[in-house]
Amino acid sequence: MKIVSVSGCSYEDYEGGVLNLNVELEAGEMLCEGGNISIEMMDGSFLERAIEIINPKRAGDYAVVSNKAKQWKRSGGTLKEAKGPGCYVVVVKDVAYHEVKTDEEMARRTFLEEHYKKVCVSPFREILCGDKSIYDSVQEGYVVLEKVIAYLKTTKPYLMSPGIYEHPFKKGENLAGPYTYTDGHYWWDRDTWKYVVKYHVTLPQEFIDHVMSEAGTEFLESCAGEDECWSKTIRVWKETKRYDACLLSDDTWKKELENF
């Protein structure tokens, strides 16, 4: 048996937590409602938990673990037994969401481990990238070499949030994101170069030193001719239907410098 993915119960009101385990059974394997399932955790241990529901289809199916769900009609399509080979949804209680071992959770932890090693060039709370204030980094007359601006204009997509926040220097005007780019070591909001050029927001000196180094030159040269950006990424998501609810515009509210 393999746990493919985990999700929370939509109508959870059980204090200890309710999880949906998406499991894949091999031929000959069987699970039963009321029986136990052995759940491998990220630390290598195993938890034994009772199977509350198999294949819930409606909110009312969760009535056995949720008082809220008792108001809804049950589907009548849940199973008493799950037999392999096949994929099923198994509902259990008292299991920590991010402690269940899945490929997705392992990938998530690997990503976070690598993320925390990277350095944010624009760690400002006003643009949802950190906890520093962008206003404390404003220095009238501040300029940087064109190579630094060119570096910040490189477009290797990194992290994206489809949120909206207020422009820190234009009250009442909203921006989308943040949409961030990276060179593998540093990461920054896509509008960082505009904040530097138009609003004189300073950059970390260690970042500037890196950009001006041979390593910085190599990265810039590696980006020459590449067609990577968030607009293209979003178009691909739409074309491949990777995200069914992708309602973002292709240009993601992109603003040119004169209007920024």
Q.
Taking 51 Å as R0, compute the FRET efficiency from the Cβ-Cβ separation of residue 71 and residue 117 and round it to 0.05.
A. 0.60
Q. What base-10 log of the normalised intensity I(q)/I(0) is obtained for the range 1-92 from the Debye formula, alpha carbons as equal point scatterers, at q = 0.14 Å⁻¹?
A. -0.48
Q | CD proxy at 222 nm, helix term only [per DSSP H run n ≥ 4: -39500 (n - 2.57); per residue of the chain; nearest 500] | A | -6000 deg cm²/dmol
Q | Inter-label distance for residue 128 and residue 146, nm, one decimal - labels placed 7 Å from Cα along Cα-to-Cβ | A | 3.5 nm
**Q.** Label point at residue 64 placed 7 Å out along Cα→Cβ; residues across the range 11-39 whose backbone nitrogen lies under 15 Å
**A.** 18-21, 31-37
Q. Which links in 117/254; 101/156; 118/198; 198/254; 2/118 stretch past 23 Å when you go from one Cα to the other?
A. 117/254; 101/156; 118/198; 2/118
**Q.** Length released on extending from residue 10 to residue 94, taking residue separation times 0.36 nm less the Cα-Cα span
**A.** 28.7 nm
Q | Under-5 Å amide H pairs with residue 130, H placed in peptide plane, nonlocal only | A | 124, 125
**Q.** Estimated dipole of the range 1-132 in Debye, rounded to 20 [Cβ of Lys and Arg +1, of Asp and Glu -1, Cα centre]
**A.** 520 debye
(Q) Compute the helix-to-body angle for 214-223: its Cα long axis versus the longest principal axis of the chain, expressed 0 to 90° and rounded to tens. (A) 70 degrees
Q: Can you send over the solvent-accessible area of residue 131, 1.4 Å probe, protein chains only, in Å² to the nearest 10?
A: 120 Å²
**Q.** Largest-first principal axis extents, alpha carbons of the chain, Å
**A.** 71, 41, 35
Q) Relative to a virtual label point 7 Å from the Cα of residue 24 in the Cα→beta-carbon direction, which members of the range 107-131 show backbone nitrogen distances below 16 Å? A) 107
Q.
Connecting C-alpha atoms closer than 10 Å in a GNM of the chain, tell me which of 148, 119, 23 has the biggest fluctuation.
A. 23
Q.
Given a 10 angstrom Cα cut-off, can you work out which residue in 220, 79, 112 is the most mobile in a GNM of the chain?
A. 79
Q. When N is the residue count of the range 59-135, what does its C-alpha Rg come to as a fraction of 2.2 N^0.38 Å?
A. 1.84
Q: Report, please, the projected area of the range 90-132 averaged over directions, based on the convex hull of its C-alpha atoms, in nm².
A: 4.9 nm²
**Q.** Cross-link reach list, lysines versus residue 73, counting only Cα pairs under 17 Å and skipping chain neighbours closer than eight places
**A.** 57
Q: Count the net charge of all other residues whose Cβ sits under 15 Å from the Cβ of residue 136, scoring Lys and Arg as +1 and Asp and Glu as -1.
A: -1
Q. Residue 73: net charge of surrounding residues, Cβ under 15 Å, Lys/Arg +1, Asp/Glu -1, itself excluded?
A. +4
Q: Measure nothing but the geometry: give the 0 to 90° angle between the long axis through the Cα atoms of 103-115 and the longest principal axis through the Cα atoms of the chain, rounded to 10°.
A: 20 degrees
Q: Work out how much length residue 106 to residue 38 would gain on full extension: take 0.36 nm times their residue separation and subtract the Cα-Cα distance, in nm to one decimal.
A: 22.6 nm
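The values are calculated or read from the model by the stated rules, or taken from the named source; none is laboratory data. These numbers were taken from a predicted model, which means no experiment stands behind them. When we count neighbours, we look across all protein chains shown, and the Cβ atoms used for this are built from the backbone with ideal geometry, even at glycine. Just the protein is used for accessible areas: all its heavy atoms, side chains included, with ligands, DNA and RNA removed. Shrake-Rupley method; radii C 1.70, N 1.55, O 1.52, S 1.80 Å.
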